């Protein structure tokens with residue numbers, strides 16, 4: 001049985017939102033320019049590409065290969081962020097990720113720990129993808145204070161550990 005089959009029709013789209021929300025929480029914590037946003041998006045995609053076979057993260061990554069999967073994830077994310085400013089988006093994304101992990105713990109408890117770590121890894125990769133506060137690629141810091149705080153908040157919400 002595919003892990004997807006364990007989830008209800010209402011819960012599966014929420015699970016699909018999770019990687020986008022993990023990256024979005026970081027991006028909204030310290031919004032940079034266009035190049036930084038592209039680098040951070042690429043980091044999110046790389047995290048999906050590297051998901052271990054046979055895991056919930058891999059099934060989510062597989063779903064992203066279909067227009068239906070991407071649309072389901074995007075629709076939920078768009079609804080969550082509509083009308084919100086970046087700090088509110090970060091808070092809403094973290095709260096939603098905590099809710100999603102609760103669904104995973106109930107529905108596929110054997111996957112919860114690995115999925116939590118996958119989401120924290122996705123957020124960490126996103127935070128490390130672009131320097132913040134520099135000029136033309138010089139100076140700045142790899143992970144801003146706002147991103148570090150958001151990573152810590154995510155780790156608390158998801159019960160995981162990851163270092164930056």
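Some points to look at:
- Of all residues in the range 49-71, those that are surrounded by fewer than 20 Cβ atoms within 10 Å (Cβ to Cβ) and part of a helix (DSSP H, G or I) total 9.
- Selected residue (criterion: nearest to residue 18 (Cα to Cα)) from residues of the range 129-146 that are modelled with pLDDT of 80 or more and in contact with a helix residue (DSSP H, G or I) (Cβ under 7 Å, 6 or more places away or on another chain): 129
- Test: residue in the range 28-46 that is under 23 Å from residue 107 (Cα atoms) and either in contact with a strand residue (DSSP E or B) (Cβ under 6 Å, 6 or more places away or on another chain) or in contact (Cβ under 8 Å) with a residue 24 or more places away in the chain (or both): no
- Flag if residue 91 is in a helix (DSSP H, G or I), farther than 22 Å from residue 159 by Cα and either at pLDDT 95 or above or out of contact with any helix residue (DSSP H, G or I) (no Cβ under 9 Å at 6 or more places or on another chain) (or both): no
- Every residue from the range 75-85 that is on the phi < 0 side of the Ramachandran plot and surrounded by fewer than 15 Cβ atoms within 10 Å (Cβ to Cβ): 75, 78, 79, 82, 84, 85
- Any chance residue 50 is modelled with pLDDT under 95 and touching a strand residue (DSSP E or B) at 6+ places or on another chain (Cβ under 9 Å): no
- Contacts under 6 angstrom Cβ, first residue in the range 1-15 being more than 16 Å from residue 71 (Cα to Cα), partner outside any helix (DSSP H, G or I), 6 or more apart: 3/108; 6/108
The values are calculated or read from the model by the stated rules, or taken from the named source; none is laboratory data. Everything numeric here is computed off the predicted structure, so don't read it as measured data. Here the Cβ is made from the backbone with ideal geometry for all residues, glycine too, and neighbour counts use every protein chain on show.
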